[in-house]
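Working notes, beginning with the structure itself.
Here, each number is a calculation from the coordinates, and none is a lab measurement. Computed from a prediction, not measured in an experiment: that's the story for all the values here. Note: ideal-geometry Cβ built from the backbone for every residue, glycine included; neighbour counts use all protein chains shown.
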Amino acid sequence: MKAFYKGNAAEVWTIGRHNEQPDWVKKAFDENYIVWLDGHVRVLMSGLNPSLGSNLKTGAVGTAGGGFAGYNMYVLGYPGDVLDLTNHHIVSEKQFKKQYRLDS
């Protein structure tokens with residue numbers, strides 16, 4: 001789904017087991033960047049859009065020892081929350097309604 005955040009276009013998905021999944025969400029599930037754990041999803045943000053520039057901004061860059069620098073590696077989302085691929089974050093439905101505008 002397309003939306004606007006701070007005036008800029010954003011690609012988003014409302015988290016839910018039976019919600020329509022855009023291709024990038026399907027691919028992320030196939031590659032285990034998004035996985036269901038009980039009633040919520042765990043998202044490996046650095047895997048969703050693996051560009052070095054984006055990963056440097058969020059602090060999710062690999063190190064020589066194979067670890068990750070930064071604490072934004074995994075984020076949890078619950079049904080009804082919205083995953084913003086473009087800006088690498090998950091917001092509640094309430095925050096989404098306040099901060100985003102849907103593309104009509």
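Among 79-88, 22-31, what's the highest-first ranking by average C-beta atoms within 10 angstrom per residue? Walk me through the numbers on the way to the answer.
On the way: 79-88: 18.1, 22-31: 13.9.
In descending order of packing, they fall as 79-88, 22-31.
Legend: residue pairs 6/26; 6/97; 6/98; 2/98, Cα-Cα distance threshold 21 Å; pairs beyond threshold, 6/26. In plain terms, the residue of 34, 90 with the fewest other Cβ atoms within 10 Å comes first and the most crowded comes last, giving 90, 34.
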